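Just below is one structure, and these are the notes that go with it.
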Amino acid sequence: MKAATLACLVLISFCATLCASPDKKAEKAVGKLLFGKVLDGEDNPIPDAVVYVTNTRSRAVKTYIVGKDGAYRFPALTSAVDYEVYAQFNGHKSETKSISQFDDRSQVYLVLKIHEH
């Protein structure tokens, strides 16, 4: 009887430990923060530029219109997906940049430059 009781206590203790320890996968599921600035060729902010973020798996697109400081932010992007990012203003487009699902940073800062010719 004592052995059975001891086994139950050990099992309960083990289960409690599993439930209490943080799950690394659940932590990662919260997502990435993508943020940065849209700048011209002379590193000045470009107000009202539009930043496009494309989920390469679903092809869903999110957009953000930057403010006077040229800053943008996309919180909670899915960590298990690749993204393509670019900015556009007055018919001019920045280079398209990629964010890999294998990039384990929780925050990704990208400067998007639009060169008007």
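The values are calculated or read from the model by the stated rules, or taken from the named source; none is laboratory data. Bear in mind the structure is a predicted one, so any value in this text is a computation, not a measurement. Methodologically, a virtual Cβ is constructed for each residue, glycine included, from the backbone with ideal geometry; neighbour enumeration extends over all protein chains shown.
Some notes on this structure:
- Candidate set from the range 107-117 (those that are at pLDDT below 95 and not acidic (Asp, Glu)); member that is surrounded by the fewest Cβ atoms within 10 Å (Cβ to Cβ): His117
- Subset of the range 28-72 [over 22 Å from His92 (Cβ atoms), at pLDDT 95 or above and either in contact with a Gly (Cβ under 8 Å, 6 or more places away or on another chain) or of a type in the set (Val, Ile, Thr) (or both)]: Thr56
- Restricting attention to the range 31-89, the residues being touching a His at 6+ places or on another chain (Cβ under 8 Å) and within 15 Å of Ile99 (Cα to Cα) number 0.
- Pairs with Cβ under 6 Å, 6+ apart, first in the range 88-103 and assigned to a strand (DSSP E or B), second hydrophobic (A, V, I, L, M, F, W, C): Gln88/Val50; Phe89/Ile46; Phe89/Ala49; Phe89/Ile114; His92/Ile114; Lys97/Val85; Lys97/Leu110; Ile99/Val108
- Within the range 32-50, considering residues that are in contact (Cβ under 8 Å) with a residue 40 or more places away in the chain and hydrophobic (A, V, I, L, M, F, W, C), the one surrounded by the most Cβ atoms within 10 Å (Cβ to Cβ): Val38
- Restricting the range 51-106 to residues that are over 14 Å from Leu33 (Cα atoms), surrounded by 15 or more Cβ atoms within 10 Å (Cβ to Cβ) and β-branched (Val, Ile, Thr), the residue that is farthest from the chain's Cα centre (by Cα) is Val66.
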